[in-house]
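K.L.:
Quick one: the structure is below, and I'll ask about it shortly.
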């Protein structure tokens, strides 16, 4: 069972909610029971109603975030570290949002969350509003990797893999997809290609999976260069401190 | 890859040069692109303005751009101060 939270109230949330709708359809086609909280339904009240009544194992959201907060419709708080993040206990959560892996992620894991996939810094997207969201060739490169990761998430859960394997499978699918997009833009004949590379690399290298074992660190960083190693090293080193601080 | 310590003024100069070059090379259609950065929705010119005044967002832009510049030139730039 999966719960999707898709606020839609300004340009970015309109774009990302459009892409996450494809993941909703993918989950349904694979046979998962889905709760799709979209637009005015993407509120804390609706979200916690679904959690308390149906206890979905998978939670996905596409929205704005800060270090300790994920926001719902119209920028109202949906989940806040040390306020209501115990609701993620026993669940896996994919948070397409800025920065939340730096505080809310570790906080929710310390309260029994199984996996938290998210971003340590801002998630950056280049958009062309002259296109509908799903036909925007720039935004596609940033958001398609998320769909690839979610597809692996659904399929891995249906295959019954363990938590650590699930965390790794989804992480690797997202990074591979980002790498494919990066390879494409390295040769794309457009003035914006260089900026696309800058932000695709940034989004790839600040994406992390967090479990009770810490931040998953790939055994060999063959695809990423120094920034990802640095981020993961810093993240792995600071996670115990963050957890300790949150438990005080 | 060697490492080099630089201050914010030098980092800003490096990034402004790169961003200005990018904006000047943009055809009209690509000048309309928007960059979603946190809660900001920026035009290419907005990015240059934030980097120029080096506010909080400008510093984040500098850090991300410098990361890419580092990879291109093979020098790990570390902003000190």
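The values are calculated or read from the model by the stated rules, or taken from the named source; none is laboratory data. Quick caveat: nothing in here was measured; it's all calculated off a predicted structure. So basically every Cβ, Gly included, is an ideal-geometry build from the backbone, and we count neighbours across all protein chains shown.
K.L.:
Return the residue satisfying two criteria in turn: it lies in the stretch B:56-81 and is more than 16 Å from residue A:122 (Cα to Cα) and more than 12 Å from chain A (Cβ to nearest Cβ), and of such residues it is modelled with the lowest pLDDT.
P.N.:
Going through the qualifying residues, I end up with B:81.
K.L.:
Let me ask something else. Give just the number: which of (1) crowded, with 19+ Cβ neighbours inside 10 Å; (2) in contact with a helix residue (DSSP H, G or I) (Cβ under 6 Å, 6 or more places away or on another chain) does residue A:67 not satisfy?
P.N.:
(1)
K.L.:
Tell me the strands (runs of 3 or more DSSP E) entirely within the stretch B:1-61 that contain at least 2 residues that are surrounded by fewer than 12 Cβ atoms within 10 Å (Cβ to Cβ). Outline the logic, then answer.
P.N.:
Values: elements: B:2-6, B:34-37, B:40-42.
By residue number, B:2-6.
K.L.:
Inside the stretch A:95-211, counting only helices (runs of 4 or more DSSP H) that do not spill past its ends, which hold 2 or more residues that are farther than 28 Å from residue A:84 by Cβ?
P.N.:
Numbers: elements: A:104-110, A:137-159, A:163-187, A:193-205.
In the stretch A:95-211, the matching helices (runs of 4 or more DSSP H) lie at A:137-159, A:163-187, A:193-205.
K.L.:
Return only the number of the condition from (1) within 23 Å of residue A:63 (Cα to Cα); (2) more than 13 Å from chain A (Cβ to nearest Cβ) that residue B:5 does not satisfy.
P.N.:
Against the list (1) within 23 Å of residue A:63 (Cα to Cα); (2) more than 13 Å from chain A (Cβ to nearest Cβ), residue B:5 comes up short only on (1).
K.L.:
Now, a different point. Could you list, in sequence order, the residues of the stretch A:81-108 that are more than 14 Å from chain B (Cβ to nearest Cβ), surrounded by 24 or more Cβ atoms within 10 Å (Cβ to Cβ) and either touching a strand residue (DSSP E or B) at 6+ places or on another chain (Cβ under 7 Å) or closer than 15 Å to residue A:123 by Cβ (or both)?
P.N.:
Result: A:85, A:88, A:92, A:93, A:94, A:95, A:101, A:104, A:105, A:106, A:108.
K.L.:
Moving on. With the requirement that a residue be at positive phi and facing chain A (nearest Cβ under 8 Å), what does the stretch B:19-55 give you? Quick ask: steps written out before the conclusion?
P.N.:
Of the stretch B:19-55, the ones at positive phi are B:38, B:54.
Within the stretch B:19-55, just B:38 meets the criteria.
K.L.:
Continuing with the same structure: How many of the residues making up the stretch A:24-49 are over 18 Å from residue A:91 (Cα atoms) and touching a strand residue (DSSP E or B) at 6+ places or on another chain (Cβ under 8 Å)?
P.N.:
Pass one, the stretch A:24-49, residues over 18 Å from residue A:91 (Cα atoms): A:25-26, A:28-31, A:38-43, A:45.
Of the ones still in play, those that are also touching a strand residue (DSSP E or B) at 6+ places or on another chain (Cβ under 8 Å) are A:28, A:38-39, A:42-43.
Summing the residues that are over 18 Å from residue A:91 (Cα atoms) and touching a strand residue (DSSP E or B) at 6+ places or on another chain (Cβ under 8 Å) in the stretch A:24-49 gives 5.
K.L.:
What strands (runs of 3 or more DSSP E), lying completely within the stretch A:24-91, carry at least 1 residues that are in contact (Cβ under 8 Å) with a residue 40 or more places away in the chain? Before you say what the answer is, go through the steps one by one.
P.N.:
Values: elements: A:34-38, A:58-62, A:69-71, A:77-80.
Filter on the stretch A:24-91 gives A:58-62, A:69-71, A:77-80.
K.L.:
Moving on to the next point. For the stretch A:221-234, state whether one or more residues are modelled with pLDDT of 90 or more, in a helix (DSSP H, G or I) and buried (at least 17 other Cβ atoms within 10 Å of the Cβ).
P.N.:
No, the stretch A:221-234 contains no residue that is modelled with pLDDT of 90 or more, in a helix (DSSP H, G or I) and buried (at least 17 other Cβ atoms within 10 Å of the Cβ).
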